[in-house]
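Colleague: Dumping the structure here so I can ask a few things about it.
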Amino acid sequence: MTDLSPALERAVATVGDRWSLLIVAALMDGPQRFGELQEAIPGLAPNVLSARLRHLERHGVIVSKPYSKRPLRVSYSLTARGAELAGAIRLLVAWEAGMGAASGSSDEVGAPLHEVCGTPLEPRWWCNTCGRAADEEEVDVS
């Protein structure tokens, strides 16, 4: 398999801290203001939220849009790059839900299920050009 280290290091540097993925997850439902984000993520201090928002904006994950000039107030939303993280966040949630089931704990959110038969769905790399799933040997992440 291709060496994932460089790409993984860059991804972790962008969204790998304690709060960034929670901020992205909170913005998956649409734009939010600073106060709304604070309410959506309990325990996140305002100074940390400000720092993470600036970091995510610098890295092109979110964008701020002014809704008031005096005083300046902005709402935050995901960029296309940020929206691409939705799949990764859902995979992390499904992974943890699977771990919870294995350890006997019950979570509100479980792995996504196939509506037809109820089986947990398994993530796969998909090629839109070929219209088929790619085998592990066919994946190039460099």
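The values are calculated or read from the model by the stated rules, or taken from the named source; none is laboratory data. Remember, it's a predicted structure, so these values are computed and weren't measured experimentally. In this analysis, Cβ positions are derived from the backbone assuming ideal geometry, glycine residues included, and neighbour counts consider all displayed protein chains. Side chains included, ligands, DNA and RNA excluded: accessible areas come from the protein's heavy atoms. Shrake-Rupley method; radii C 1.70, N 1.55, O 1.52, S 1.80 Å.
Colleague: Take the stretch 31-44 and flag every residue that is open to solvent by less than 70 Å² (accessible area, probe 1.4 Å) and either outside any loop (DSSP other than H, G, I, E, B) or within 21 Å of Leu72 (Cβ to Cβ) (or both). Walk me through it before giving the result.
Modeller: As a first pass, look at the stretch 31-44 and keep what is open to solvent by less than 70 Å² (accessible area, probe 1.4 Å): 32, 34-35, 37-38, 40-41, 44.
Gln32, Phe34, Gly35, Leu37, Gln38, Ala40 - these are the residues of the stretch 31-44 that are open to solvent by less than 70 Å² (accessible area, probe 1.4 Å) and either outside any loop (DSSP other than H, G, I, E, B) or within 21 Å of Leu72 (Cβ to Cβ) (or both).
Colleague: Going through the stretch 97-141 one residue at a time, which ones are at pLDDT 80 or above, among the charged types (D, E, K, R) and surrounded by 11 or more Cβ atoms within 10 Å (Cβ to Cβ)?
Modeller: Scanning the stretch 97-141 gives Arg132, Glu138.
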